[in-house]
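Engineer: Please find one structure pasted underneath; my questions will follow.
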Amino acid sequence: MLNRLKFRPMNKNDVGSVPVNCQGTELEIYSRIKKLGSAAILVFDETQHIAQLQFRLYDPQTRSPKGLWDPLYWGDFNPNAPNLRSGTLSIYCYHVGQLDETDARDIKYHGKGIGKAMLEHLLLWAKKYGFSGVAAKATPESRAVMGFMGGQPLSVYEHFGFKVLRSVIDYQLLNVVQEKGIVAKDSKPKDVASVSQCVIYF
């Protein structure tokens, strides 16, 4: 499937024609594209948008007012966010199987390596255009939790050369995945709710 998909960076002409939920207002998106050159890696199956990986400039002051339920969660490394090199990008949301602005996902695109391929395209693009590096919040290794969160586990980031800065138990995440029955009530927090901040420099 990957061979027939088209991966490319988002540009200003995409605003209004591809899903942009989680990216902020149109003004914020235009501003981000103007400053960074793009705001996401987009994926198309012929002419149909089917996935995107969003990113922003890393900012240690980023705080998510709703924790897990706000897109800013992915850039929030509070309370001990490190000062990374200037010009480091921060990975936000992975949306695989996203055909429109709704939360619905076409599962035929899941489990095909699209998320990893988007990450690889982002790293190549960021290095080509002179960014210092890329930071990410890695999900637990649990496939069920990873799918619920819409991210990538630490093992994937380490495969691409990311280094772990710190790992913590996200107790909000733990409560949510237990309450929703995504994991068993007696699951070890380290296995299902450990999130890691990691970074790769070029």
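The values are calculated or read from the model by the stated rules, or taken from the named source; none is laboratory data. Predicted, not measured: the structure shown is a model, and the values here were computed from it. Cβ coordinates were reconstructed from backbone atoms using ideal geometry, including for glycine residues, and neighbour counts include every protein chain displayed.
Engineer: Do you know which of the residues in region 23-63 that are β-branched (V, I, T) and loosely packed, with under 13 Cβ neighbours inside 10 Å is farthest from A136 (Cα to Cα)? Even if it seems obvious, please write down each step before you answer.
Structural biologist: Initially, region 23-63 is screened for residues β-branched (V, I, T), giving 25, 29, 33, 41, 43, 47, 50, 62.
Checking the rest, the ones that are also loosely packed, with under 13 Cβ neighbours inside 10 Å come to 25, 47.
Numbers: T25: 22, T47: 29 Å.
Going through the qualifying residues, I end up with T47.
Engineer: Also, I was wondering about something else. List, please: which pairs have Cβ atoms under 9 Å, are six or more places apart or on different chains, and start with a residue in region 62-84 that is in contact (Cβ under 8 Å) with a residue 60 or more places away in the chain and end with one that is surrounded by 17 or more Cβ atoms within 10 Å (Cβ to Cβ) and of a type in the set (D, E)?
Structural biologist: Note: pairs meeting the criteria are G67/D76; G67/D170; L68/D170.
Engineer: Oh, and also: If a residue counts only when it is within 23 Å of H110 (Cβ to Cβ), which helices (runs of 4 or more DSSP H) contained entirely in region 129-202 have at least 3 such residues?
Structural biologist: Where helices (runs of 4 or more DSSP H) fall fully within region 129-202 and carry at least 3 residues being within 23 Å of H110 (Cβ to Cβ), they are 143-149, 154-159, 171-179.
Engineer: Let me ask something else. Does any residue in region 173-192 that is under 19 Å from W74 (Cβ atoms) come within less than 6 Å, Cβ to Cβ, of a residue that is surrounded by 10 or more Cβ atoms within 10 Å (Cβ to Cβ) and of a type in the set (S, T, N, Q) six or more places away or on a different chain, and which pairs are these?
Structural biologist: These pairs meet every condition: V192/S142.
Engineer: If you don't mind, another one. Among the residues in region 159-167, are any under 23 Å from W69 (Cβ atoms), over 15 Å from the mean Cα position of the chain (by Cα), modelled with pLDDT under 95 and not hydrophobic (A, V, I, L, M, F, W, C)? If you could, list the steps in order and put the result at the bottom.
Structural biologist: Looking only at region 159-167, we keep the residues that are under 23 Å from W69 (Cβ atoms), and these are 166-167.
From the residues that got through so far, the ones that are over 15 Å from the mean Cα position of the chain (by Cα) too are 166-167.
With the extra rule that they be modelled with pLDDT under 95, the set shrinks to 166-167.
If we keep only those that are not hydrophobic (A, V, I, L, M, F, W, C) as well, we get 166-167.
Within region 159-167 (the criterion being under 23 Å from W69 (Cβ atoms), over 15 Å from the mean Cα position of the chain (by Cα), modelled with pLDDT under 95 and not hydrophobic (A, V, I, L, M, F, W, C)), the answer is yes, since at least one residue qualifies.
Engineer: Still on this structure, please answer the following. What are the pairs, 6+ residues apart or on separate chains, where a residue within region 106-128 that is closer than 20 Å to G87 by Cβ has its Cβ under 8 Å from a residue that is surrounded by 15 or more Cβ atoms within 10 Å (Cβ to Cβ) and small (G, A, S)?
Structural biologist: Pairs found: W125/S38; A126/G133.
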